[in-house]
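Right, one structure below, let's go through it.
What follows draws every value from the coordinates through simple rules; no lab data is involved. Computed from a prediction, not measured in an experiment: that's the story for all the values here. Backbone-built Cβ (ideal geometry, glycine too); neighbour counts: all protein chains shown.
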Amino acid sequence: MDKLLIRGGRALHGKVSISGAKNAALPELCAALLTVDVVTLKNVPRLQDVVTMEKLIRNMGVAFTRSADGIVTLNASALDKPEAPYELVKTMRASVLALGPLLARFGKATVSLPGGCAIGSRPVDQHIKGLQAMGAIIDVEHGYMNARLPEGWTRLKGAHITTDMVTVTGTENFLMAACLADGVTILENAAQEPEIPDLAEMLISMGANITGHGTSRITITGVDKLHGCTHSVVADRIEAGTFLCAVAATGGDVVLENARGDHLDALLDKLREAGASISQVPLGLQVISSGKLKAQNFRTTEYPGFPTDMQAQMMALNCVAAGASIVTETIFENRFMHVNELVRLGANIQIDGRAAMVTGNAKLSGAHVMATDLRASASLVIAGLVAIGETTIERIYHLDRGYDRMEEKLRGIGADIERIK
């Protein structure tokens, strides 16, 4: 397996381009299943999860092409296998996003219960509950969700759906399924992450009738069919946030091209309070830091609160900042698995349930560490960039699931980092 070797202690300077968002690209690839027309997506990141989704879509019978500059073209007119088998989706949680579009267009779907990172329980019961409210019959057996319409039905029916919790992939599934349903669907307690309105805007360009996206109440009036479109995937706010934390921790001056500050308000507030200077510039966001920071307390919560996907990276920053801090994780129960690895690098962290107490100003030193999940990988990279000496990070296939050529981008702004095959 590949490893990353980092020689820390260098400030970062220059420009780095932020790729399209993984969490927008994956549902938007599934949205192409809703039409027989050609769909073109621009700014699609080169990630392992995207490759997995490509394999899944091809297996269904979808024509799929990709150019070197991140443009993907899909044609689902010949789709003849509305199935997502376990062997293709066992490593990727987002495979459940195929359920809504397939059921809406074909009236049936067989989708394996998904896999992904081991950061905690992310049950599909909310997906099943919402689609059942629209009339679907769904049986879960032998590790698969077998979904179909009732006898005599040709379409799902509009419904009023209120989920028990805020669910991003659930909101996306209902949003796609409702576009072709008969009648009006209202989604209460809908997720508000920027990837949701980006998907909605794509669906609208395909002919969908959607209002309220970006709020907790979305209304979808079903249409008879959707047509093709060309859509550009929104910039990845989590990749941008990861680079912001990296520059703040190491010190330096970097412009993040395509990054959007309006998608990162909660993180930007904390980084500014920590001592970094961040401003919107014509190309994106500019971050300037001396590397001398003050530790910050924070609590993860649903958007627009502090994102759970930035918890590990901000914790790495707190490890080298002055003062003590408390990090509270409210979204996933197993999202402190990076703590033991940060401790190996010299961090001082104590865990008490869903809270981590970080004593900052640690003098990190290079060590051999292991990535445990996607965002944990990013926190170890940030810590390695600050640490004195060499840091080797194992199991970086986690990193490749969510970051487009991270080591190349970091090397381009002055980091001493290389991938070892």
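Gap in Å between the Cα centre of segment 290-320 and the Cα centre of segment 150-178?
That distance is 34 Å.
For Thr308, Thr242, Thr392, which order do you get if you count the other beta carbons within 10 Å of each Cβ and list the fewest first?
Thr392, Thr308, Thr242
Could you work out the Rg to Rh ratio of segment 335-377, with Rh taken as the Kirkwood radius (inverse of the mean 1/r over all Cα pairs)?
We get a ratio of 0.95 for segment 335-377.
List the equivalent ellipsoid semi-axes of segment 143-235 in whole Å, largest first, each obtained as the square root of 5λ for an eigenvalue λ of the Cα gyration tensor.
21, 17, 13
Report the gain in length on full extension from Ala355 to Asp253: 0.36 nm times residue separation, minus Cα-Cα distance, nm rounded to one decimal.
Details: separation 102, 0.36 × 102 = 36.72 nm, distance 3.20 nm.
Stretched fully, the Ala355-Asp253 segment lengthens by 33.5 nm.
When the chain is treated as a GNM, springs tying every alpha-carbon pair under 10 Å, which of Val223, Val369, Val111 comes out with the largest mean-square fluctuation?
Between Val223, Val369, Val111, it is Val223 that shows the largest mean-square fluctuation.
Using the Kirkwood radius over Cα pairs, work out the Stokes-Einstein diffusion coefficient for the chain at 4 °C and 1.567 mPa s, in µm²/s as a whole number.
59
So what is log10(I(q)/I(0)) for segment 318-421 at q = 0.25 1/Å, when the Debye sum runs over its Cα atoms only?
With no solvent term, the Cα-only Debye profile gives -1.42.
What translational diffusion coefficient, in µm²/s and rounded to a whole number, does the Stokes-Einstein relation yield for segment 357-403 at 25 °C and a viscosity of 0.890 mPa s, taking the hydrodynamic radius as the Kirkwood radius over Cα pairs?
For these conditions, the coefficient is 221 µm²/s.
Please report the projected area of segment 252-373's Cα convex hull averaged over all directions, in nm². Can you show the working numbers first?
Values: hull surface 30.0 nm².
The Cα convex hull of segment 252-373, projected and averaged over all directions, gives 7.5 nm².
Please give, to one decimal in nm, the separation of the simple spin-label points placed at His227 and Lys129, each 7 Å out from Cα toward the Cβ.
Distance between label points: 3.8 nm.
After finding the eigenvalues of the alpha carbon gyration tensor for segment 82-180, what semi-axes result from the square roots of 5 times each, listed largest first in whole Å?
Values for segment 82-180, descending: 21, 16, 11 Å.
In Å, what Rg and Dmax follow from the Cα atoms of segment 303-377?
Using the Cα atoms of segment 303-377, the pair Rg, Dmax is 11.7, 35 Å.
So how compact is segment 154-299: Cα radius of gyration and Dmax in angstrom?
Computed over the Cα atoms of segment 154-299, radius of gyration and Dmax are 19.1, 62 Å.
Using the structure shown, select from Lys22/Lys409; Lys270/Lys292; Lys55/Lys90; Lys55/Lys81; Lys129/Lys157; Lys22/Lys81 the pairs with a Cα to Cα distance greater than 20 angstrom.
Lys22/Lys81
With a 10 Å cut-off between alpha carbons and a GNM built on the chain, which of Ser19, Ser325, Ser279 moves the most?
For the chain, modelled as a Gaussian network with Cα springs under 10 Å, the answer is Ser279.
Using a Förster distance of 60 Å, how high is the FRET efficiency between Asn146 and Lys292, based on the Cβ-Cβ distance and rounded to 0.05? Write down the numbers at each step before the final one.
Numbers: r = 57 Å, r/R0 = 0.96.
E between Asn146 and Lys292, to the nearest 0.05, is 0.55.
Expected output is a single nm value to one decimal: the length gained when fully extending between Met1 and Ala78, i.e. 0.36 nm times separation in residues minus the C-alpha distance. What is it?
That works out to 24.0 nm of additional length.
Which of Gly222, Ile196, Leu26 sits farthest toward the positive end of the charge dipole of the chain, with +1 on the Cβ of Lys and Arg and -1 on the Cβ of Asp and Glu?
Farthest along the dipole direction, towards plus: Leu26.
Multiply the residue gap between Ala68 and Lys108 by 0.36 nm, knock off their C-alpha separation, and tell me the result in nm, one decimal place.
10.9 nm
Where q = 0.18, 0.25 Å⁻¹, what log10 of I(q)/I(0) comes from the Debye formula for segment 1-92, counting one point per Cα?
Log10 I(q)/I(0), no solvent term: -0.84, -1.35.
Between Rg and the Kirkwood Rh of segment 263-326, both from Cα atoms, what is the Rg to Rh ratio?
Taking Rh as the inverse mean 1/r over Cα pairs, Rg/Rh reads 0.96.
Could you estimate the translational diffusion coefficient of segment 9-54 from the Stokes-Einstein equation, with Rh from the Kirkwood formula over C-alpha pairs, at 37 °C and 0.692 mPa s, in whole µm²/s? Mind showing how you got there, number by number?
On the way: Rh = 12.6 Å.
Here the translational diffusion coefficient equals 260 µm²/s.
With no solvent and one equal point scatterer per Cα, compute the Debye intensity ratio I(q)/I(0) for segment 28-81 at 0.22, 0.23, 0.24, 0.28 Å⁻¹ and report its log10, rounded to two decimals.
Scattering profile of segment 28-81, log10 relative to I(0): -0.76, -0.83, -0.90, -1.20.
Evaluate E = 1/(1 + (r/R0)^6) for Arg395 and Thr301, where r is the Cβ-Cβ distance and R0 equals 30 Å; express this FRET efficiency to the nearest 0.05. Walk me through the numbers on the way to the answer.
Values: r = 29 Å, r/R0 = 0.95.
Efficiency for this residue pair is about 0.55.
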